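Everything on this sheet refers to the single structure shown next.
The values are calculated or read from the model by the stated rules, or taken from the named source; none is laboratory data. As the structure is a prediction and not an experimental result, all values here were calculated from the model. Reconstructed Cβ throughout: ideal geometry from the backbone, glycine too, with neighbour counts over all protein chains shown. These accessible areas exclude ligands, DNA and RNA; they are computed on the full protein's heavy atoms, side chains included. Shrake-Rupley method; radii C 1.70, N 1.55, O 1.52, S 1.80 Å.
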Amino acid sequence: MRITAVETYLCHCYRANWVFVRVMTDEGLHGVGEATLEFREPTVAEAVHELERHLLGRDPHDIEAIWHEAYRDSYWRGGPVLMTALSGVEMALWDIKGKALGVPVWQLLGGKCR
């Protein structure tokens, strides 16, 4: 399975906008994540598109490697725009992994716990 495209959707929601990220694969699976940073929604969407060129062709199951490469290869590590964009992509990748394995993401992340 390989990542073929990354899309962003900006949704107006009264006081602020939401940014949703959709990562598509060559096997027809897609994952959805949320990457909202109040009053910086278009900037985050553009940051997601900057990340896309590093994602295309990658195996979406390599979540940890993708995250560390994207974080480490940025000049300003850990800024709010990059971290928000990266979190939306990561959520979408976990969504893909859960769908591919037929289990909910909470099961992949350690199971039910309170």
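Can you say whether Pro104 is at pLDDT 90 or above, surrounded by 14 or more Cβ atoms within 10 Å (Cβ to Cβ) and of a type outside the set (Asp, Glu), as far as the supplied structure shows? Full working, then the answer.
Numbers: at pLDDT 90 or above: yes; surrounded by 14 or more Cβ atoms within 10 Å (Cβ to Cβ): no; of a type outside the set (Asp, Glu): yes.
So Pro104 does not fit the description; no.
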For segment 46-67, indicate whether the set of residues that are of a type in the set (Val, Ile, Thr) and under 19 Å from Val105 (Cβ atoms) is non-empty.
yes
All conditions in (1) open to solvent by less than 50 Å² (accessible area, probe 1.4 Å); (2) touching a residue at least 12 places away in the same chain (Cβ under 8 Å) are true of Gly78 except (2)
Quick check on segment 10-44: of everything there that is charged (D, E, K, R) and surrounded by fewer than 19 Cβ atoms within 10 Å (Cβ to Cβ), which residue is farthest from Val105 (Cα to Cα)?
Arg15
If you go through segment 53-75 one residue at a time, how many are of a type outside the set (Gly, Ala, Ser), open to solvent by less than 40 Å² (accessible area, probe 1.4 Å) and part of a helix (DSSP H, G or I)?
3
